[in-house]
Amino acid sequence: MKKLVDAIRNLVVGLFTTGKHLGRHAVTLQYPTQKWEMPERSRGIVVLLSDKESGELNCTVCMLCMRACPTGAITIEFEKDEKGKRILKDFIVDNGICCFCGLCEEACNFAAIKMAGKYEFSTEDRETLIWHQDRLQEIGRGVPYEKPVRKKPAAKPAAEPPNAGDGPAAAESAQPEVTAVANPPGDAVITKPGQPAESRPAPEPPARPDENPIEGDDGKSAEDQK
Amino acid sequence: MSEAQGLHTKEFTLNVGPHHPSTHGVCRFVLQMEGEVITSVTPVIGYLHRALEKICENRTYEQIIPITDRFEYCTAMSCNMGFSLATEKLAGLEVPERAEYLRVIMLELNRIASHLIWFGTTSLDLGAITPFLYGFREREDILDMFEMTCGQRLTFNYIRPGGVSKDIPKAFIPVCKKFLDAFSAKVDDYERVLTENPIFIARNKDVGILKPETAIAYSVSGPSLRASGVKYDLRRDDPYSIYDRFDFEIPTRENGDCYDRYIVRIREMRESAKIVRQAIEQIPEGPIRSKVKMNFKPPAGEVYCRVENSRGEMGFYIQSVGEKMPLRVKMRGGSYNQLQVMPVLCVGHKIADLVAIMASMDIIMPDVDR
């Protein structure tokens, strides 16, 4: 009998606890019309930042973000002018394989790339997740950022050169061609420049600089691509 | 049982999962049933295998941190921590004082968040819907704090070799204090709904008893081990980071049934909140990360480092040959052993208890398969 009374009492206590919420306001937001404000540091999609006055991209084609990316989502195409300076041709981000880790943003010394707190980019087609330079720049125009103190890329390298031997200078000598393609690690597939997006790249590995940090030795890469 | 006179039952095979809401992922069980009673259980794993350890062999140490987030997503901070600890030991990196405190704050908040997921899903598996909403409500506050700090809610990429990636924003400490002040009352609420609830007790008491010797033989660790009466917690027995500076209890229980595992986890949430509070009071100013070169090359050697996460011992074994990428990474998670001990616990119970036992062991599948 005592057990029964105890059981009923405890059930009532539990019900009372849940009953406290009767008459409270709902905290749910009606999503498409109302939205949460994203925190300042929120890591959404990758955007390219432009100079506030001139509107030009901050990117200096140092390729550090491409090297830092663990999934090979970033592809940078560039060509060289007569002085050997690299000029950005296209900056491609495959949002389908981006893992939103933010390492590209940390690798950048020039406030050129950022993970902004924007998130609505779902589509019905996987190929449309591959974004090119103009779209990345467009979406990054309103994103606030702080310009780093050091500005000149060539004259003064970063205080602690991120990877001494693998810096931009080494990439230049090893990469005289007009394009550089991030080697997709693992089975990740990225489009190669010059190829239409629909065609899947053949097993033939893309041109890769020797010092690309995201690839292993040849044995490993070959094993990965099987 | 087929004790009734003249009533013959034939043993039959029943398949549970891999897509079943109560298996917390894609776990499959092949059960041998005699009527409603389980006579044998065979867990079938591998549905969530993503070859993450192999992928780690082709990445630099920095790049592996976002991959460790995917090892066990409920407590991704502890995965970051385990790998960072191992890398620091291998490369001889120093960690600033402030970073150590930030790490402990994040680890313990993440432990609470993980236990809240367990609390919600366990009660949902047993048919109670309200606790599920309660648990996820408080977890939301914790995830907001994480998002405020590192920008993401699940895949943090926050704890790095040599420190942490970002300092906490100014708003963090007031928000965290407010959360901790309210949290104790919230746990009281959880207990009021479930702890003495007669239905909950009937479903959990004396169900799935894990004896201490069985637990040790199967290498079960974490709260499931402590519920069997073995007082073993790496935070106390093999202190890493700065855990020896905090004052906290290690809750244990005697019986090792589902109910005891519930009690241990509830009490652990309170202890974690205590640790976070102490860490917030003691946190010093200073740098948050020592200087680490991009693509650093640790010397050749091998190392094993382990941390206590909400499912037990999480260990990382790294073998280096002096390159910027490890030769081999092996990860040990608590869930695998807890899944392997399931056949011992379930035999002789009814099929409905399988769900209760599985829920109380707090298994998540990405930790089993990787």
### Query
Taking the stretch A:1-66, which trypsin sites (Lys or Arg not before Pro) meet the DSSP loop condition and have no more than 15 other C-beta atoms within 10 Å?
A:LYS20, A:ARG24, A:LYS35, A:LYS52
### Query
How crowded by other chains is B:65-71, given as the mean number of beta carbons from other chains within 10 Å of each beta carbon?
3
## Note on the structure
Here the residues of the stretch B:168-205 lying in the modelled label zone of A:ILE8, meaning backbone nitrogen under 15 Å from a point 7 Å along Cα-to-Cβ, are B:198
### Task
For chain B, return all DSSP H helices satisfying: extent of Cα atoms along own axis at least 15 Å; mean Kyte-Doolittle hydropathy at least -1.0.
B:76-91, B:97-125, B:130-150, B:172-194, B:258-282, B:351-361
### Query
Name the trypsin sites (Lys or Arg not before Pro) in the stretch A:60-121 that are in a loop by DSSP and that have at most 16 other C-beta atoms within 10 Å, would you?
A:LYS83, A:LYS85, A:LYS118
### Task
As a check on your grasp of the helix formula, calculate [θ] at 222 nm for the protein assembly as shown: sum -39500 (n - 2.57) over DSSP H runs of n ≥ 4, divide by the residue count, round to the nearest 500.
-11500 deg cm²/dmol
### Message
If you wrap a convex hull around the alpha carbons of the stretch B:50-369, what volume per residue comes out, as a whole number of Å³?
### Response
120
### Query
Between B:GLN282 and B:GLU323, what length comes free when the chain is fully extended (0.36 nm per residue of separation minus the Cα-Cα distance, one decimal in nm)?
10.9 nm
### Query
Which shape class applies to the stretch B:211-311: rounded if a/c is under 1.5, otherwise prolate when a/b exceeds b/c and oblate if not, where a ≥ b ≥ c are the square roots of the Cα gyration tensor eigenvalues?
oblate
### Query
Can you tell which of B:VAL207, B:VAL175, B:VAL341 shows the greatest fluctuation in a Gaussian network model of chain B with Cα springs below 10 Å?
B:VAL175
### Message
Exceeding 18 Å between C-alpha atoms, which entries from my cross-link table qualify? They are B:LYS166/B:LYS274; A:LYS85/A:LYS114; A:LYS80/B:LYS293; A:LYS52/A:LYS85; A:LYS35/B:LYS166; A:LYS114/B:LYS166.
### Response
B:LYS166/B:LYS274; A:LYS85/A:LYS114; A:LYS80/B:LYS293; A:LYS52/A:LYS85; A:LYS35/B:LYS166
### Query
Over what distance in Å are the Cα centres of the stretch A:11-40 and the stretch A:119-142 separated?
34
### Task
Name the shape class, rounded, prolate or oblate, that the alpha-carbon gyration tensor gives for the stretch B:11-50, where a ≥ b ≥ c are the square roots of its eigenvalues, rounded holds for a/c under 1.5, and otherwise prolate holds if a/b is larger than b/c and oblate otherwise.
prolate
### Message
If I model a spin label at B:LYS211 and B:ASP181 as a point 7 Å from the Cα along the Cα→Cβ vector, what separation in nanometres do I get?
### Response
5.1
### Task
Return the single residue from B:ALA91, B:ALA227, B:ALA113 with maximal mean-square fluctuation; model: Gaussian network over chain B, springs between Cα atoms under 10 Å.
B:ALA91
#### Entry: Computed over the stretch B:215-260: relative contact order in percent, which uses C-alpha pairs under 8 Å that are six or more apart
42
### Proportion of all alpha-carbon pairs of the protein assembly as shown beyond 36 Å (%)
42
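For an R0 of 51 angstrom, estimate the FRET efficiency from the Cβ-Cβ distance between B:ASP247 and B:THR9 and round to the nearest 0.05.
On the way: r = 56 Å, r/R0 = 1.09.
Working from the Cβ atoms, E equals 0.35.
Just so you know, all these numbers are worked out from the coordinates, no wet-lab data involved. Only a predicted model underlies this, so the values are computations on that prediction, with no experimental measurement involved. A quick note on method: Cβ atoms are made from the backbone with ideal geometry, for glycine too, and the neighbour counts reach across all protein chains shown.
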